[in-house]
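Nothing in this text is a laboratory measurement; each read-out follows from the coordinates by a stated rule. Note that the coordinates shown come from a computational prediction; the quantities given were computed from them, not determined experimentally. For neighbour counting, all protein chains shown are included, and Cβ atoms are generated from backbone atoms with ideal geometry for every residue, glycine included.
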Amino acid sequence: MADTHHLVKTVLIPQIAELLMKNKGLSETAALSAIYHSPVASLLEDDSMGLYGQSALYLYGLIVQA
């Protein structure tokens, strides 16, 4: 099951980065940095939190609010 969560996260992260680039005018590098340096990144890695089941738009909102 953890493999499935990993695959979902591999799809979510580029989607979140795309939203940051489009809505915040960030470069790809800056968008990925914003994701990985946000509190959401560590929560996303914790499968028990279940964030991997949320939409990219929801996670984007959490990152922008952080």
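Summary of values
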| item | result |
| --- | --- |
| Segment Glu28-Ala41, length gained on full extension (0.36 nm per residue, minus Cα span) | 3.0 nm |
| Leading residue at positive end of dipole, region 1-64 (Cβ point charges), from Pro39, Ile13, Leu26 | Leu26 |
| Mean separation of Cα contacts under 8 Å (6+ apart) over length of the chain, as relative contact order % | 39 percent |
| Per-residue [θ]222 nm for the chain (sum of -39500 (n - 2.57) over DSSP H runs n ≥ 4, rounded to 500) | -23000 deg cm²/dmol |
| Residues in region 1-35 reached by a label modelled at Val64 [backbone nitrogen below 19 Å; 7 Å Cα→Cβ] | 12-35 |
| Per-peptide average of other Cβ atoms within 10 Å, ordering 58-66, 41-49 highest first | 58-66, 41-49 |
